[in-house]
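So the structure is just underneath, and the comments pick up after that.
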Amino acid sequence: MTWTLAARTRKMTSSAIRDLLKLTERPGIISFAGGLPSPDAFPVEAFAVACDKVLTAADARGSLQYATTEGLPALREMVAASLPWRVDPANVLITTGSQQGLDLAAKVLIDPGSNILVETPTYLGALQAFQPMEPTVVGVASDESGVIVDDFEAKAPGARFLYALPNFQNPTGRTMDEARRAAVAEAAVRAQVPVLEDNPYGELWFDAPPPAPLASRHPENTLYMGSFSKVLAPGLRLGFLVAPADIHYRLTMAKQAADLHSPSFNQRVVAEVLKDGFLDRHVPTIRSLYQGKRDAMLAALSREMDGLGVTWNRPAGGMFLWARLPVGLSATALLPRAVEKGVAFVPGEPFYAGQADDRTLRLSFVTATSAQIDAGIAALAAAVRESLDRLSTAERDAAMAPA
Ligand code: PMP
């Protein structure tokens, strides 16, 4: 029997990262490759108590019943109240992870051939969600503060949306500063291009909270997405979006077709966990855990990469650090050599919509122990050194030349 597949299946790609994770599950590999939060931060006790409460409540059976597509009213209210601009709970839609928000937005906003704008580089999982709707994905030039406004304005006419990650971006860890946020939000309104603002990492700041979301400036022009994955646990598969009424309605229709609603039991448990200001006590513990790990990785990089021509940034929050190899080296080619030495990372290449910078790579600093960070970065440095040794003298001189 030959099955005839829909043409769009050609646009469905398995995440390079998922494929990679398989490789890094080999025993003994220190992995900076995954995008997983640290399980040490999962509040198991609080969940045990909340599950018990939900299951012994007078309406316990309701938690196991079908529920409305929009989500549990109490949870929608908590989400609305937690955001730093005035949000009506009616504009909140509880989603099955923010990944579902991306999928629903793609279904509601993209026609085949529609131009959509993304940062350079951008979150790979968003590209995977958008691609099956067959858009033309246009990368907007970006620097360490996010999209460059002039390039955005040049590419904006007719675009269906700009997909932006202003806080501790995946993959680069970078943050959009206040001035850039104001300029991007204004330019988007001027060009009549909606913004899809994805903010799963915003709470995970280290020294100071990031500037206010783009959505707080122009809520009518923004589809804002948040997640419980990084502040509670990703296995819950719960996130949310905030959208203007007409778009919210369309997204709700799309969600109804996708999964009717997000798990009612999980929504009740999360509402129970959150109701006494739990996140205000819990999230600071995640921040300090992750900050310590970032510092350990920065220290290891300074120690081990000295003289190798590798550069890296200093993320102010989140889970990822972005590094760049010297001229002449490719992160994709480095990976098998690094795995041989017992360490894995994600090459930057799949995060680019257009021309990729294959010298870049993403390092997650949150799941490894300090000892693993030290050993893993030393192994990575050894792999870089070995790759440099294979270059010709002229190539090595170019690699070592100041940028
Ligand atoms: N957006 C970004 C930028 C992410 O990094 C992730 C998780 N890796 C998601 C969305 C999806 O998160 P979830 O579905 O768990 O909320």
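For this structure, a couple of remarks:
- Residue within segment 181-201 that is part of a loop (DSSP other than H, G, I, E, B) and acidic (Asp, Glu) present: no
- Scanning segment 259-296 for residues that are closer than 17 Å to Lys230 by Cβ and acidic (Asp, Glu) returns a single hit, Asp280.
- Of all the residues in segment 83-97, those that are under 15 Å from Val195 (Cβ atoms) and either within 16 Å of the ligand (Cβ to nearest atom) or among the aliphatic types (A, V, I, L, M) (or both) number 0.
Here is a yes/no grid of residues against (1) crowded, with 24+ Cβ neighbours inside 10 Å; (2) away from the ligand (no atom under 13 Å from the Cβ); (3) closer than 19 Å to Val366 by Cβ; (4) not assigned by TED's automatic domain parsing to the domain that holds Ala105:
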site: Gly173; (1), (2), (3), (4): yes, no, yes, no
site: Val189; (1), (2), (3), (4): no, yes, no, no
site: Val193; (1), (2), (3), (4): no, yes, no, no
site: Met225; (1), (2), (3), (4): yes, no, no, no
site: Leu251; (1), (2), (3), (4): yes, yes, no, no
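- Taken together, Ile148, Ile116 contain a single residue that is buried (at least 23 other Cβ atoms within 10 Å of the Cβ) and β-branched (Val, Ile, Thr), which is Ile116.
- Only one entry of Leu75, Leu23 meets the criterion of being surrounded by fewer than 19 Cβ atoms within 10 Å (Cβ to Cβ) and in contact with a helix residue (DSSP H, G or I) (Cβ under 7 Å, 6 or more places away or on another chain), and that entry is Leu23.
- When Gln256 is tested against (1) surrounded by fewer than 14 Cβ atoms within 10 Å (Cβ to Cβ); (2) on the phi > 0 side of the Ramachandran plot, only condition (2) is not met.
- Residues that are part of a loop (DSSP other than H, G, I, E, B), hydrophobic (A, V, I, L, M, F, W, C) and within 24 Å of the chain's Cα centre (by Cα), drawn from segment 321-339: Leu325
- Number of the exception - Tyr201 against (1) buried (at least 22 other Cβ atoms within 10 Å of the Cβ); (2) in contact with a helix residue (DSSP H, G or I) (Cβ under 8 Å, 6 or more places away or on another chain): (2)
- Tabulated pairs, segment 257-277, first within 13 Å of Arg76 (Cα to Cα), second modelled with pLDDT under 95 and surrounded by fewer than 23 Cβ atoms within 10 Å (Cβ to Cβ), C-beta under 7 angstrom, 6+ apart or interchain: none
- Which numbered condition Ala183 fails, given (1) surrounded by fewer than 18 Cβ atoms within 10 Å (Cβ to Cβ); (2) more than 21 Å from Gly101 (Cα to Cα): (1)
- Gly317 being outside the structural domain of Leu388 (by TED's automatic domain parsing), within 15 Å of the ligand (Cβ to nearest atom) and touching a Gly at 6+ places or on another chain (Cβ under 9 Å): no
- When segment 227-241 is filtered for residues that are in a loop (DSSP other than H, G, I, E, B), more than 8 Å from the ligand (Cβ to nearest atom) and under 16 Å from Ser82 (Cα atoms), the ones remaining, listed by number, are Val231, Leu232.
- Answer from Leu117, Leu124 - the residue that is within 15 Å of the ligand (Cβ to nearest atom) and assigned by TED's automatic domain parsing to the domain that holds Ala245: Leu124
- Scoring Gly71 on the criteria (1) in the same structural domain as Thr285 (by TED's automatic domain parsing); (2) at positive phi leaves a single failure, condition (1).
- Matching residues, segment 353-371, being part of a loop (DSSP other than H, G, I, E, B), under 30 Å from Pro39 (Cβ atoms) and either touching a Lys or Arg at 6+ places or on another chain (Cβ under 6 Å) or of a type outside the set (Val, Ile, Thr) (or both): Phe365, Val366, Ala368
- Matching entry among Ala46, Ala33, Ala41 (being modelled with pLDDT of 95 or more, in contact with a Phe, Trp or Tyr (Cβ under 9 Å, 6 or more places away or on another chain) and within 15 Å of the ligand (Cβ to nearest atom)): Ala41
- Sole residue being closer than 27 Å to Ala208 by Cα, of a type in the set (Phe, Trp, Tyr) and modelled with pLDDT of 95 or more, chosen from Phe278, Phe265: Phe278
- Members of segment 26-65 found to be surrounded by fewer than 13 Cβ atoms within 10 Å (Cβ to Cβ), assigned to a loop (DSSP other than H, G, I, E, B), assigned by TED's automatic domain parsing to the domain that holds Ile94 and not polar (S, T, N, Q), listed by number: Ala58, Asp59
- Annotation: of all residues in segment 195-217 being more than 18 Å from Phe240 (Cα to Cα) and without any contact (Cβ under 8 Å) to a residue 60 or more places away in the chain, the one that is farthest from the ligand (Cβ to nearest atom) is Arg217.
The values are calculated or read from the model by the stated rules, or taken from the named source; none is laboratory data. Bear in mind that the values here come from a model prediction, so they are computed numbers and not experimental data. Neighbour counts run over all protein chains shown; Cβ positions are idealised from the backbone, glycine included.
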